[in-house]
Structures are given as C-alpha cells and as structure tokens.
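See below for the structure under consideration.
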Amino acid sequence: LAVEHRRRRGRHPADGKDTQRPPGPKAWPVIGNLHLLGEHSNPFLAFTALSKKYGDIFSMVLGSSPCVVVNNYDLIKEVLITKGSHFGGRPDFLRYHKLFGGDRNNSLALCDWSELQKTRRQVARLYCSPRLSSLHYDTLTRVAATEVDHFLDRVASMTATSMKTTRAGQPATVHIKPLIQAACANIFSGYMCSTRFSYDDTAFVHIVRLFDEIFWEINQGYAVDFLPWLAPCYRRHMGKLSSWAMEIRSFILTRIMDEHRRRLVEGEDGELDMDMARDFTDALLIQLQEDPHLEWQHIIFELEDFLGGHSAVGNLTMLSLAAVAANPEVASRIQAEVDSVTGGTRTVTLADRTDMPYTEAAILEALRVASSPIVPHVATQDTTIAGYQVDKGTVVFINNHELNTGEAYWEQASKFRPERFLQTGKDGVVQVVKPAHFIPFSTGKRTCIGQRLVQSGSFVLLASLLQHYNVSVDPKHPVVTYTASVALPPDTFPLAFAPRESVPAPA
Ligand code: HEM
C-alpha cells in the first residue's frame, strides 16, 4: 500500500511542488503488476499493450520494485540523453551478481555508473570501438581474414560430410551455429588476446558453448529478478550460472592471461606504458599497473565480459543468415554485391565492408527485426520524465521493441527489407542511412561499446558464407526466432547449404 501511495503522488525534487507520478495499473500485494507481463509472450509486447491504455509513459510495480516504462522516441531520448546522468544505474538482479563472481559491478554492462567504470570504459573503447583506418582496425581485418579461411574450410568439410547422406542434387543440412560461435570467439580472442584456438580443441569448444548458454540465459526474464525471496527455488539454476562463469574464468586465466602476464609483466624490469600493449589483454595488464583503483579481478572480469561479446555477434550472424535464407531475393543481392566487389577472384574481407552497403543494410535489418532489448536503467537520483516524478531507485524500461517494429516508425514494418536503410546520394552513390530512432545499440552515456566489433564480425562471416554457398531454410527444420531477442538457444535450427559454382576457393 505504501508503494502504491508513493507511486501516485510525490514532491517534485527541485521545487518541492506536488508532482504527479506516471499513471499505471493498480499493483497487487507481493507481486505488484508482474502478472500483467505474463499475459503476453514477451514483456515488451505487454509494455506496448499497456501503453495503449495508460499512455507512452506509465508506471508499474514489479514485485516491490517501482518501475517506469517509456514507449516513444522522445521519452527514450529524455532518459538516455537529456537526463542520461540521472539514469545511469542498473537493476540489482541476483542473476547478474551470480554471473560476475557475486558482484555485478565487476561487469561493465551491469555495473552502476562510477569513476572506476569510466576509466575501465576508456581503455575498452579504444580496443572495442576500433576506428576505420586505425591500426587496431587493420589488426581486426587481418585476424578476421585468417578466421574466415579456417571457417570456410570447416564449412566445406561439414557440407561434404552431410552430403554423403543426402540425395544427389539436394543441399546439405548443417548445424552451423556452434561453428559460427567458435569463429566469432576466435575473431575476438585473436583481436583482443592475439590467441587463436583450433575448432578441434575440446576445452575451447566447451567454453564457447558455455558463453552461448550464458548469452541465452542473460536474455531471459525470470520472476526471481523482481521477487528475490524466490531465490531458494532457483538455487540449482543460480549455482549453474556461477559454475559456468567460473569455468570460463579459469580457461581465460590458464589459456590466455598467464602467457600475457609472463611475457609482459614478469618479463619487464622497468615501467610499463601503453605503447607496449600488443592487444587489449596487454592494455588491461598495463592499466592495472598504472591505476591504483584497479584490482586484478576487475581486469579478469573485463576481459571475460568483452570476450563474451562474441556470443552476441554469433547469434546476430545466425539470425541474419536465417533471415537471408528465408528471403532468397536478399541473398541474391548480397551475392551480386560480393561478386562485384571481389571480382570473383578472392574471398571477401572486412576491408570490403564500405563498398557493400546492401550487405550492411541486411545486417541492420536483422538487428531491427530481432529488436534486442536495451538493458534496463535505474534512476540514481529523484528526477522527472516528461514532467512526471520518478524516484531514485526506480527501474526504467526502454520499450525499443516499439521503436524497432512499430508501424508508426517503419513502412511495412513486418517485412524484411534491407533497402529501407539505403539512400542514393546526388552523386549516385548508395549509402547506408539509419533513421535517428533506430538505436539497436542504445545511445547516451551507457551506449554499447561493442558495435563496431558486432558489425565487423557479422559482416565478414555472413558475406563470406554467401559468397561460397546458396543458403536456404531446410523445410524439415523451420526457423524459430524469439520476439525482442537477438539470442537463439545454443541448440537451434540447422540451415541448408549448397556450394555455389565459380567462386574462389578459400585460401
Ligand atoms: C548483437 C550485438 C549487440 C547488441 C545488439 C548490443 C546492444 C547493447 C545495448 C542495447 C546495450 C545497452 C545500452 C544501454 O543500457 O543504454 C549494450 C551495452 C553494452 N554493450 Fe553491447 N550489444 C551487442 C554486442 C556487444 C559486444 C560484442 C560488446 C563487446 C565487445 C558489447 C559491449 C557492451 C558493453 C560494455 C555495454 C555496457 C555499456 C555501459 O553500460 O556502460 N556489446 N549493448
């Protein structure tokens, strides 16, 4: 009752006048409005339905947590940009702590905003947002090219094996997702840690699988997030999360960190400086020496966090591939683009990306349709949105699903149409243009750091696959995707592959 009462009226933090809280459904004892989310297959569909009744900003109570949901672009901008500094916190979900050694502040994405996070973010940005034509971008291009060769070799052998059991002339059914995940993991570890693992290295394959399990897991919503007293019922589940994360950390320590430390820190007598950093891992170790506020566990978790980003890229690549397989005209246009850029004489590389706007647009379209959620923000002070009072500690949900799929924002929103992101300039050059309301990586002070890596990794894998194969949906294995999620389960649908004729053999 107290929550309900506080929710209805309050004092404006700045001027002390009575200010209205956003309208919203009446909360039940104990569960608040959680049941309303259960009425739809996905919370974002529930948000959109509730916004029709209560307006574009409304409040609700989940368990005992006061929440506000914003549903249009202007309100979203107010939260993320104009008042970004009022909404820099993250919710305190038990699962988030379990994944990061008992403290979610070990994770850059799930921590509350602080000076320490600002410093960690600066180094991460340098490596994880490599600028075009920078040395880091050159390294990424080289690493990705090496990986694509290994990847295509393995796809060729998987396709050949599958074809032995397929009728002549039929495409091969291939469970491609684990291989895509492994290739992405290698692009990330090659770029961030100067280390590549064999696809036959069972410990590596296992860790890639665990990362994918965690990515799927972190994209689910659980009642225990808002009803922490349910924790005893989730004990086994939480234990599983902790043990996955511990296994990953131990792999990173023994297979990556130890070598870097031996080479860099223990091998040097004098001062270390950033110029000596060969890669992101070195940079973290040097930062640890330089910054008294940083501790060993911070950099281990940071590396784990960023290496784990490969899972998101792999899932997006798989979704893009599935969307292209289901839309053969899109596949043909990508193939025409890649053939024209490479002249059919070499395998596509990351350097071709700027000349392949249609392929880039297809990946953006996959991102739009998938509509990956923006991590909830939390008000770090008493403040307002659109004049409504919002108390410190309120969880703010950003309904970007409406932004990505609403008819108000997109023509033929339900269709997969990459060309919606293309514009021909006066000089006749076709360019990728993103409307301002398209913010798949969010915007403002907590915007995604990994977007360049995302676009690079998914581009090079999607383009090289389509360069060498016609990919289609296997009628026996329909494509199943999930609303408002870029995540697919680790065991997901296979796709059908038929080698194209007259394309260059992988090096
Ligand atoms: C499909 C791929 C990805 C999508 C759609 C995506 C999207 C997002 C979104 C929506 C946020 C939340 C921003 C906010 O709360 O306002 C975020 C945060 C973040 N992302 Fe990504 N991301 C992807 C991949 C990656 C990768 C590959 C990395 C790292 C290599 C990464 C690193 C981060 C970090 C560190 C944050 C937290 C920033 C902060 O809270 O200060 N992301 N991402």
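Quick note: the coordinates plus some simple rules give every number you see, no bench work behind them. A quick note: this is a predicted structure, and the numbers were derived from the prediction, not measured. Cβ: placed from backbone, ideal geometry, glycine included. Neighbour counts: every protein chain shown.
Computed per residue of the chain from DSSP H runs no shorter than four, each worth -39500 (n - 2.57), the mean residue ellipticity at 222 nm is -14000 deg cm²/dmol. With an a/c value of 1.5 or above and a/b not larger than b/c for the gyration tensor axes a ≥ b ≥ c computed over the alpha-carbon atoms, region 123-241 is described as oblate. Contact order, relative form, for region 56-208: 11 percent (alpha carbon pairs under 8 Å, 6 or more residues apart, mean separation divided by residue count). On C-alpha positions alone, give me the angle between the axis of helix 328-342 and the longest principal axis of the chain, in degrees, nearest 10. In the chain, helix 328-342 runs at an angle near 60 degrees to the longest axis.
In the chain, Cα pairs under 8 Å separated by at least six residues give a relative contact order of 24 percent. Rounding to the nearest 10 and keeping the result within 0 to 90°, find how far the Cα-based axis of helix 115-128 lies from the longest principal axis of the chain. Value to nearest ten degrees: 20.
Protection proxy ranking for 79-90, 407-418, using the average of other Cβ atoms within 10 Å per residue and placing the highest first: 79-90, 407-418.
Against the longest alpha carbon principal axis of the chain, how many degrees, from 0 to 90 and to the nearest 10, is the axis of helix 177-193 turned? Between helix and principal axis, roughly 80 degrees. Its residues counted as N, region 353-507 yields a C-alpha radius of gyration over 2.2 N^0.38 Å of 1.28. Evaluate the relative contact order of region 210-291 (contact order divided by residue number), counting alpha-carbon pairs under 8 angstrom at least 6 apart; express in whole percent. That works out to 21 percent. Taking amide H atoms as placed 1.01 Å from N in the peptide plane, the amide H of T19 lies under 5 Å from those of G10, R11, H12, each 5 or more residues away in sequence or on another chain. A cut-off of 5 Å between modelled amide H atoms, ignoring neighbours fewer than 5 places along the same chain, links T173 with F497. Sorting V174, V460, V69, V265 by the number of Cβ atoms found within 10 Å of their own Cβ, with the fewest placed first, yields V265, V174, V69, V460.
Please quote Rg/Rh for the chain to two decimal places, taking the Kirkwood radius as Rh and restricting both calculations to Cα atoms. Rounded to two decimals, Rg over Rh is 0.97. Between the C-alpha center of region 227-262 and that of region 393-446 there is a gap of 35 Å.
Pairs K77/K415; K26/K52; K118/K392: which are spaced more than 24 Å apart, C-alpha to C-alpha? Violating the 24 Å Cα-Cα cut-off are K77/K415.
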